[in-house]
Amino acid sequence: MLFHSHVFLFLFLPLLLAGWYFFNHRKCYRLAQGYLTGMSLWFCAYLNVRYVWVLLASCLIGYIFCLLLKKTDDEKKRKLALAAGCVFHIGLLGYFKYCNFFIENVNALFRTDFPLLSVFLPLGISFYTFQQIAYLADCYRKDAPVCTFFDYLTFMVYFPQLLQGPIMRSGELIWQLHEEERRHFHPERFAKGMQLFVFGLAKKVLLADTLARAVNFGYENVLLLDSLSAVLTAAGYLLELYFDFSGYCDMAMGLGGMIGIEVPENFDSPFKSASVKEFWRRWHITLGRFFTQYVYIPLGGSRRGKMRTVANTMVVFLLSGLWHGASWNFVFWGLLHGIGVAWDSLHLFTLPRKWMRQAATFAYVCVAFVFFRAESIGQGFLLLKAVAIPKWNGFLFRMGEALKISELYILTKGASMALPSLLPFVNLALLLFLFAVSIVVVAGKKGNVIAERSSCGVKYAVCMGILFAWSVLSMAGVSTYIYFSF
């Protein structure tokens with residue numbers, strides 16, 4: 001189920017909120033938690049019930065490994081249980097996500113002809129696998145709170161963070177399940193949650209999905225791109241990805257506010273970063289935290305000299321690239337980010353002005369994300385070649401035409417009828433206006449900051465209602481999230 005779908009907004013969410021607050025009002029707290037867990041499983045099963053069976057099996061076996069860790073003080077047995085648990089979780093993820101990637105590369109390397117397997121990719125498996133590994137490692141360190149399987153299952157399947165994160169630690173959620181105050185309706189918290197949800201919905205539907213039309217058209221015609229259209233295609237994808245994923249995370253935080261069980265922030269104005277290293281402290285915060293705490297630090301972090309620091313950094317980002325997708329272009333994307341972070345760590349060269357560092361960081365990150373979106377490394381280099389070689393063939397007009405913004409149909413139709421020769425310039429103006437709006441939103445305050453500081457007056461409420469209605473009306477062609485593919 002998608003947050004930006006009619007079934008979620010007008011069926012699932014009302015049923016969830018009604019049942020949740022009804023049971024809590026009657027002080028049936030365990031029943032309320034069971035209702036929340038059941039609704040979360042329905043949320044997962046809506047697209048394919050097989051996703052639920054994989055999730056439940058993963059949670060059950062993962063919890064057994066956690067019990068084994070908690071019930072023994074023998075260090076050898078604890079290490080064995082930790083290793084076995086990690087092998088299980090990584091093996092499950094590897095089977096569903098990487099088995100065909102492995103077969104393809106074996107066939108290419110050894111000129112064999114092993115058939116590909118018919119394997120589906122369970123939604124959210126990349127996220128809940130890492131969340132369970134984090135809990136398992138915390139159990140080994142004796143940092144994880146003691147919880148029942150009921151609490152563990154609720155933590156893992158809690159729907160606002162189930163499919164795309166954030167990747168939460170047990171200490172961020174389990175305690176909330178037992179805080180009675182969070183079970184009661186809190187008007188101010190609920191209102192702020194609604195505002196943040198609407199902001200995220202607008203990011204996804206009005207910005208990300210609209211940008212996607214022009215960006216997809218650009219990537220479908222890489223050989224036809226000129227310099228300006230190639231730049232806008234690359235930058236447009238980075239903006240699209242940001243609005244797509246951060247929009248989801250804003251909606252997840254907003255839903256947490258409405259329910260009273262909150263999830264952490266996952267984006268902190270990443271495009272204001274003055275270095276690649278800072279970018280990764282602001283972009284997909286919980287993923288960076290996971291790799292730092294459970295990979296980078298165990299490898300030695302920055303405690304063993306500069307060369308070891310660089311090596312550990314590269315390992316982390318190569319794994320991060322592979323985690324994002326079973327393709328070599330994701331690995332190459334991770335390599336580029338690793339090089340950028342290593343460069344910052346070595347302090348080899350820095351620009352004198354902050355705005356220069358911010359511009360350079362955005363440009364570097366934008367180049368790296370070309371390979372994140374490209375169908376192959378070769379296609380990525382073709383787009384960068386178009387950027388580097390000055391050329392103009394008017395492809396921007398075709399990108400503008402690809403937008404086809406339904407809300408402005410009357411404007412474009414009127415232009416085509418009155419002055420057909422003017423229509424390409426109208427489409428181009430709309431494309432540039434979309435980028436301008438995107439830049440203003442990125443440069444402005446974060447949604448959660450606006451929600452915290454806003455006073456819910458009549459005018460503000462009307463504006464929020466209009467934004468919500470506009471977003472709902474624009475959901476005619478509902479899209480999936482980009483990270484569903486990962």
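The values are calculated or read from the model by the stated rules, or taken from the named source; none is laboratory data. Just so you know, these numbers come straight off a predicted model, no measurement behind them. Positions of Cβ are backbone-derived with ideal geometry, glycine not excepted, and every protein chain shown enters the neighbour counts. What goes into the accessible areas is simple: the full protein's heavy atoms, side chains included, and nothing from ligands, DNA or RNA. Shrake-Rupley method; radii C 1.70, N 1.55, O 1.52, S 1.80 Å.
Listed values, structure above:
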item: Flagged links, alpha-carbon separation over 22 Å, of K203/K404; K404/K459; K76/K142; K142/K277; result: K404/K459; K142/K277
item: FRET efficiency, 1/(1 + (r/R0)^6) with R0 41 Å, evaluated for T72 and E180 via beta carbons; result: 0.75
item: Extension gain from I450 to L80, taking 0.36 nm per residue of separation minus the Cα-Cα distance; result: 128.4 nm
item: Rounded to whole Hz, the Karplus (6.51, -1.76, 1.60) HN-Hα couplings of segment 383-399, x for glycine and proline; result: 5, 5, 5, 5, 5, 6, 9, x, 6, 9, 10, x, 5, 4, 4, 6, 5
item: Partner aspartates and glutamates for K27 [C-alpha distance under 12 Å; skip if fewer than 8 residues away on the same chain]; result: E180, E181
item: Residue-by-residue Karplus 3J(HN,Hα) for segment 180-192, coefficients 6.51, -1.76, 1.60, Hz, glycine and proline x; result: 4, 4, 6, 7, 9, 5, 10, x, 5, 5, 5, 5, 5
item: Percent RCO, i.e. relative contact order, over the chain, from Cα pairs under 8 Å lying at least 6 residues apart; result: 17 percent
item: Helix-only mean residue ellipticity at 222 nm for the chain, each DSSP H run of n ≥ 4 adding -39500 (n - 2.57), per residue, nearest 500; result: -22000 deg cm²/dmol
item: Debye, to nearest 20: dipole size of the chain, +1 on Lys, Arg Cβ, -1 on Asp, Glu Cβ; result: 900 debye
item: Per-residue ³J(HN,Hα) for segment 288-297, Karplus 6.51 cos²θ - 1.76 cosθ + 1.60, θ = phi - 60°, Hz, x for Gly and Pro; result: x, 5, 4, 5, 5, 7, 10, 10, 4, 5
item: Cα lying deepest toward the dipole's positive end in the chain, options A81, Y158, N448, charges on Cβ; result: A81
item: Distance in nm between pseudo-label sites at K142 and Y29 (7 Å out along the Cβ direction from Cα); result: 2.7 nm
item: Probe 1.4 Å, accessible area per residue of segment 1-158, Å²; result: 49 Å²
item: Which of M356, M194, M399 is most accessible, then next, and so on - probe 1.4 Å; result: M194, M356, M399
item: Column: log10 I(q)/I(0), Debye, Cα scatterers of segment 283-350, q = 0.16, 0.17, 0.20, 0.25 Å⁻¹; result: -0.52, -0.58, -0.79, -1.13
item: Order by protection proxy (mean Cβ within 10 Å, highest first), peptides 163-170, 34-41; result: 163-170, 34-41
item: Cross-link reach list, aspartates and glutamates versus K446, counting only Cα pairs under 13 Å and skipping chain neighbours closer than eight places; result: D250, E265, D268
item: Dipole axis of segment 205-361 (+1 Lys, Arg; -1 Asp, Glu on Cβ), positive-most option in H324, T309, G340; result: T309
item: Solvent exposure ordering (accessible area, 1.4 Å, most first) of E180, E240, E278; result: E180, E278, E240
item: Listed candidates (i) 21, 54, 23, 1, 0; (ii) 20, 49, 27, 4, 0; (iii) 24, 56, 19, 1 - label of the one calculated as P(r) over Cα pairs in 20 Å bins from 0, in percent; result: (i)
item: Those aspartates and glutamates that a straight Cα-Cα span of less than 12 Å connects to K385, excepting residues fewer than 8 apart in one chain; result: D226
item: Extension gain (nm, one decimal) between W328 and I297, 0.36 nm per residue minus Cα-Cα; result: 8.6 nm
